Amino acid sequence: MSQAQGRLDEMVQTLKDRGCRMTPQRMAVLKVLAASERHLSADQIYRQIKVDLPTTSLATVYKTLELLKEMGQVLELRVGAGGSRYDGAHIHPHPHLICTSCGEIRDLEIDVPEEVSRHVVQETGYQIVSHRLDFIGLCPKCQAIQTNNTP
Ligand SMILES: [Zn+2]
Ligand SMILES: [Zn+2]
């Protein structure tokens, strides 16, 4: 079973357990999220689905994302004025690389050490439920464009 299929099954099961009706439109949102290695915005998800299911509305996409968020089945990344991007493939908090020029968001394959969380708990008394670690900069492609544009 592929990782995407595993994630899809998990999302479907969670929604069904909650008594949510599975419509073809809702199923399509889940499929895009489970399979995507990119971090899509609600609008990008909507446009992908609309090709095959023209009856899909942006509201359906938002509602499905909202449900998944509530159940911890999607990771929401707020990225400045551009709104939110969604990661349905990897739902546990993980570090991201964000390009300030083209907006690309990539997963970073490193773990945030457990002792960082422990340290934060000790220092602040917070009960930690999640964390974010973003590395922000210029991707190689955008660097190349910048270099080419400099006289
Ligand atoms: Zn870039
Ligand atoms: Zn991610």
Please enumerate the residues belonging to segment 3-43 that are part of a loop (DSSP other than H, G, I, E, B) and either in contact (Cβ under 8 Å) with a residue 40 or more places away in the chain or of a type in the set (A, V, I, L, M, F, W, C) (or both). Arg18, Cys20, Met22, Ser36, Glu37, Arg38, His39, Ser41
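Just to be sure before I move on: is Gln146 more than 16 Å from ligand 2 (Cβ to nearest atom) and either more than 30 Å from Arg21 (Cα to Cα) or part of a loop (DSSP other than H, G, I, E, B) (or both) in the structure I sent?
Details: more than 16 Å from ligand 2 (Cβ to nearest atom): yes; either more than 30 Å from Arg21 (Cα to Cα) or part of a loop (DSSP other than H, G, I, E, B) (or both): yes.
Yes.
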From Ile110, Ile98, grab the single residue that is aliphatic (A, V, I, L, M) and exposed (fewer than 11 other Cβ atoms within 10 Å of the Cβ). Ile110
Just wondering, is there one or more residues in segment 78-98 that are hydrophobic (A, V, I, L, M, F, W, C), within 16 Å of ligand 2 (Cβ to nearest atom), in contact with a Gly (Cβ under 9 Å, 6 or more places away or on another chain) and part of a helix (DSSP H, G or I)? no
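This table checks each residue for (1) among the β-branched types (Val, Ile, Thr); (2) away from ligand 1 (no atom under 16 Å from the Cβ).
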| position | (1), (2) |
| --- | --- |
| Gly83 | no, yes |
| Ile98 | yes, no |
| Ile105 | yes, no |
| Val112 | yes, yes |
| Arg118 | no, yes |
| Tyr126 | no, yes |
Close pairs from segment 93-120: first at negative phi, partner in a loop (DSSP other than H, G, I, E, B) and away from ligand 2 (no atom under 16 Å from the Cβ), Cβ under 7 Å, at least 6 apart: Cys99/Leu138; Thr100/Leu138; Ser101/Leu138; Ser117/Ile128; Val120/Tyr126; Val120/Ile128
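This table checks each residue for (1) more than 19 Å from Glu37 (Cβ to Cβ); (2) under 15 Å from the mean Cα position of the chain (by Cα); (3) not hydroxyl-bearing (Ser, Thr, Tyr).
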| site | (1), (2), (3) |
| --- | --- |
| Thr55 | yes, no, no |
| Leu58 | yes, no, yes |
| Glu66 | yes, yes, yes |
| Gly72 | yes, yes, yes |
| His92 | no, yes, yes |
| Pro95 | no, yes, yes |
| Ser101 | yes, no, no |
Just checking, which of Arg132, Arg38 is in contact with a strand residue (DSSP E or B) (Cβ under 9 Å, 6 or more places away or on another chain) and within 16 Å of ligand 1 (Cβ to nearest atom)? Arg38
What are the residues in segment 117-148 that are of a type in the set (Lys, Arg) and within 29 Å of Lys69 (Cα to Cα), if any? Arg118, Arg132
Please determine, by comparing only the residues of segment 53-81 that are of a type in the set (Asp, Glu) and out of contact with any helix residue (DSSP H, G or I) (no Cβ under 7 Å at 6 or more places or on another chain), which one is farthest from Arg132 (Cα to Cα). Glu66
Note: among Ala59, Ala81, Ala34, just one is at pLDDT below 90 and either within 21 Å of Glu109 (Cβ to Cβ) or surrounded by fewer than 18 Cβ atoms within 10 Å (Cβ to Cβ) (or both), namely Ala81
Scan segment 46-77 for residues that are touching a residue at least 24 places away in the same chain (Cβ under 8 Å), of a type in the set (A, V, I, L, M) and assigned to a loop (DSSP other than H, G, I, E, B) and report the count. 3
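The values are calculated or read from the model by the stated rules, or taken from the named source; none is laboratory data. Owing to the predicted nature of the structure, the values given are computational and were not obtained by experimental measurement. Every residue, glycine among them, receives a Cβ derived from its backbone with ideal geometry; neighbour counts consider all protein chains shown.
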